[in-house]
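The values are calculated or read from the model by the stated rules, or taken from the named source; none is laboratory data. Just so we're clear, the structure is a prediction, and the values are computed from it rather than from any experiment. With ideal geometry, Cβ positions are generated from the backbone for all residues, glycine too; neighbour counts draw on all protein chains shown.
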């Protein structure tokens, strides 16, 4: 163990039930902004969301069409691989099930692709059956660009790098294709309860 | 583990605070003793690491404010509201307390009295720290390279090292200071009163034709505005060195 | 404009864990647009699972670094080359 500095505690929350915090995580009150690049600003008039790849026919929604889809509000905990967890976050979004219902596919994996070039890969079971949303609101307000607005993928049961900011679509794939962080040591799946942070975990 | 070699040239050393000096209501200088310290060049920084009793660690970078060859290692830290590390360093740390430190780091943002044009230093808030190392080094080596500092602070009471800066300017060795106070000014204030902009820089900065060497340091927003303004004034991009501190000044 | 962005120089400590010498003054060349400069002048995004260095001219990713504390992963694909001074 490293050298301990007298009196240093950090700013972690210590008033949370430990069973809600996955191994190696600590709770925070803030909502840290993490980013691999500058915040994109695509005008909504140019914005589309697509499902492409291993599908019988690709499907695309404009912003108006996307916002006309049924959506739901959810409260959930989120866990970032950089060790902070934030409890009881409130989101509103369109379930990925709703979007995938519009395409025919046998694909077993998806890659989320985003403005700015970020990608992340997931098994299709991790984004279906009520586990994932394309979220457009956080805490009752339209999603801030620094937190991924206009929409981000939301997959709260996995580490938050899978909840891709500025998502523009899902590409369905036959194979698991590593995305931006998955090509650089990060786990292909990322389950915080099994502490799947890096390759080999 | 402190003292054990890690991959590469830097090892984590143990720094002990020997003195803590209040500079302004929000900033404090930590005077450190670091066994094994190999010295630094003006403008470099250190990484520090704090470990809590339960093993939680936080790491931050701070510019070295003391001059090379001073025999001491000074870090000037600004307290960031809701920060994780700076409130501990500014409010809680006592002489005798210790933390881990590695350095010196960063040969890119260094001044060593190279032959060439005059020097322009642009500081936003606590961004003055590495520039102070450069100014102290300049004084210690009796350099006469024409140097101008433009220092942006919220108010006069937030100007770090104010008396020392005034003394260095009064010494008449080719060093001039301009202050701009962006939020509050004392009665009778004759300096600038606004955030840096093209016009202000045009009045203060050396003309580009003199091939000045510029060092810009402070919050990222400050650095963006200042560096792009220098570009528009014709400064060569390779002679504008920037040290962005991030959103909160370090 | 991204407030969190830093310069390559700011992560010099991390770079020294990987490279034998200080690379903040090494010359870099962006493979996407050909821009040259020093590594210390690259735009760094380090509030992330890893550190991303981007070209100040075209924003292309030049270098990526991630670590689990025991291994460091380094992706240099975005660089056409690095120019390092030769020791000795």
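For residue B:81, which of the numbered conditions (1) away from chain C (no Cβ under 14 Å); (2) more than 17 Å from residue B:246 (Cα to Cα) fails to hold?
(2)
What number goes with the only condition from (1) assigned to a strand (DSSP E or B); (2) modelled with pLDDT of 95 or more that residue B:40 does not pass?
If we test residue B:40 against (1) assigned to a strand (DSSP E or B); (2) modelled with pLDDT of 95 or more, just (1) comes out false.
Looking at (1) under 28 Å from residue A:19 (Cα atoms); (2) out of contact with any strand residue (DSSP E or B) (no Cβ under 6 Å at 6 or more places or on another chain); (3) outside any loop (DSSP other than H, G, I, E, B), which one does residue A:88 not meet, given that it meets all the others?
Checking residue A:88 against (1) under 28 Å from residue A:19 (Cα atoms); (2) out of contact with any strand residue (DSSP E or B) (no Cβ under 6 Å at 6 or more places or on another chain); (3) outside any loop (DSSP other than H, G, I, E, B), the one that fails is (2).
Which residues, counting only those in region B:1-24, are in contact with a helix residue (DSSP H, G or I) (Cβ under 7 Å, 6 or more places away or on another chain) and at pLDDT 95 or above?
Kept after step one, since they are in contact with a helix residue (DSSP H, G or I) (Cβ under 7 Å, 6 or more places away or on another chain), are these residues of region B:1-24: B:6-10, B:24.
Listed by number, the list holds a single entry, B:24.
For region C:14-36, what are the residues that are facing chain B (nearest Cβ under 7 Å) and in contact with a helix residue (DSSP H, G or I) (Cβ under 8 Å, 6 or more places away or on another chain)?
Within region C:14-36, C:22, C:24, C:25 qualify.
Looking at region A:52-71 only, could you name the residues that are touching a helix residue (DSSP H, G or I) at 6+ places or on another chain (Cβ under 9 Å), touching a residue at least 40 places away in the same chain (Cβ under 8 Å) and in a strand (DSSP E or B)?
Listed by number, the list holds a single entry, A:59.
Tell me, yes or no, whether region C:57-69 has at least one residue that is at positive phi, within 13 Å of the chain's Cα centre (by Cα) and in a loop (DSSP other than H, G, I, E, B).
Filtering region C:57-69 for residues at positive phi gives C:59, C:69.
From what's left, within 13 Å of the chain's Cα centre (by Cα): C:59.
Applying the additional criterion that residues be in a loop (DSSP other than H, G, I, E, B) yields C:59.
Yes, there is a match, as at least one residue in region C:57-69 is at positive phi, within 13 Å of the chain's Cα centre (by Cα) and in a loop (DSSP other than H, G, I, E, B).
With the requirement that a residue be surrounded by fewer than 18 Cβ atoms within 10 Å (Cβ to Cβ) and either part of a helix (DSSP H, G or I) or free of Cβ contacts under 8 Å to residues at least 24 places away in the same chain (or both), what does region A:179-201 give you? I'd like the intermediate steps shown before the answer.
Taking region A:179-201 and keeping what is surrounded by fewer than 18 Cβ atoms within 10 Å (Cβ to Cβ), we get A:183, A:188-189, A:191, A:193-195, A:199-201.
Hits for region A:179-201 are A:183, A:193, A:194, A:199, A:200, A:201.
Which numbered condition trips up residue B:203, out of (1) touching a residue at least 24 places away in the same chain (Cβ under 8 Å); (2) surrounded by fewer than 19 Cβ atoms within 10 Å (Cβ to Cβ); (3) outside any loop (DSSP other than H, G, I, E, B)?
(1)
Pick from region B:43-55 the residues that are more than 14 Å from chain C (Cβ to nearest Cβ) and at pLDDT 90 or above: which of them is surrounded by the fewest Cβ atoms within 10 Å (Cβ to Cβ)?
The first filter runs over region B:43-55 and keeps only residues more than 14 Å from chain C (Cβ to nearest Cβ), leaving B:50, B:52-54.
Of the ones still in play, those that are also at pLDDT 90 or above are B:50, B:52-53.
On the way: B:50: 25, B:52: 16, B:53: 12.
Selected residue: B:53.
Within region B:21-37, work out how many residues are assigned to a strand (DSSP E or B) and surrounded by fewer than 18 Cβ atoms within 10 Å (Cβ to Cβ). I'd like the intermediate steps shown before the answer.
We begin by selecting, within region B:21-37, every residue assigned to a strand (DSSP E or B); these are B:21-24, B:27-33.
The next check asks that each one be surrounded by fewer than 18 Cβ atoms within 10 Å (Cβ to Cβ); those that pass are B:21-22, B:31, B:33.
Total satisfying the criteria: 4.
So which residues in region A:1-28 are more than 9 Å from chain B (Cβ to nearest Cβ), at pLDDT 90 or above and touching a strand residue (DSSP E or B) at 6+ places or on another chain (Cβ under 7 Å)?
Within region A:1-28, A:20, A:21, A:22, A:25, A:27, A:28 meet the criteria.
Only one of B:211, B:162 is touching a residue at least 40 places away in the same chain (Cβ under 8 Å) and either more than 14 Å from every other protein chain (Cβ to nearest Cβ) or out of contact with any helix residue (DSSP H, G or I) (no Cβ under 6 Å at 6 or more places or on another chain) (or both); which? It would help to see each step written out before you state the result.
Working: B:162 fails: touching a residue at least 40 places away in the same chain (Cβ under 8 Å).
The conditions single out B:211.
Give the residue, chosen from B:54, B:19, that is over 17 Å from residue C:9 (Cβ atoms) and free of Cβ contacts under 8 Å to residues at least 60 places away in the same chain.
After applying the criteria, what remains is B:54.
Scan region B:61-103 residue by residue and report those that are touching a helix residue (DSSP H, G or I) at 6+ places or on another chain (Cβ under 9 Å) and in a strand (DSSP E or B).
Those that are touching a helix residue (DSSP H, G or I) at 6+ places or on another chain (Cβ under 9 Å) and in a strand (DSSP E or B): B:61, B:62, B:63, B:64, B:74, B:75, B:76, B:77, B:78, B:99, B:102, B:103.
So, of the residues in region B:56-70 that are over 23 Å from residue C:47 (Cβ atoms) and surrounded by fewer than 20 Cβ atoms within 10 Å (Cβ to Cβ), which turns out to be farthest from the other protein chains (Cβ to nearest Cβ)? Show your work before the answer.
In the first step, residues of region B:56-70 are kept if they are over 23 Å from residue C:47 (Cβ atoms); the result is B:64-70.
Narrowing the set further to residues that are surrounded by fewer than 20 Cβ atoms within 10 Å (Cβ to Cβ) leaves B:69-70.
On the way: B:69: 19, B:70: 21 Å.
Step by step, filter region B:56-70, then rank; the result is B:70.
Kindly indicate which of C:63, C:6, C:74 is buried (at least 22 other Cβ atoms within 10 Å of the Cβ), more than 10 Å from chain B (Cβ to nearest Cβ) and in contact with a strand residue (DSSP E or B) (Cβ under 6 Å, 6 or more places away or on another chain). Before the answer, list the steps.
Details: C:6 fails: more than 10 Å from chain B (Cβ to nearest Cβ); C:74 fails: buried (at least 22 other Cβ atoms within 10 Å of the Cβ).
When all the criteria are applied, what remains is C:63.
Does residue B:95 count as surrounded by fewer than 17 Cβ atoms within 10 Å (Cβ to Cβ) and either over 27 Å from residue B:124 (Cα atoms) or within 14 Å of chain C (Cβ to nearest Cβ) (or both)? So that I can check it myself, show each step before the final result.
Numbers: surrounded by fewer than 17 Cβ atoms within 10 Å (Cβ to Cβ): yes; either over 27 Å from residue B:124 (Cα atoms) or within 14 Å of chain C (Cβ to nearest Cβ) (or both): yes.
Judged against the criteria, residue B:95 is a match.
Among the listed residues C:52, C:11, which satisfies the condition of being at the interface with another protein chain (Cβ under 9 Å from one of its Cβ atoms), surrounded by 20 or more Cβ atoms within 10 Å (Cβ to Cβ), at pLDDT below 95 and touching a strand residue (DSSP E or B) at 6+ places or on another chain (Cβ under 8 Å)?
On the way: C:52 fails: at pLDDT below 95.
One residue alone meets the criteria, C:11.
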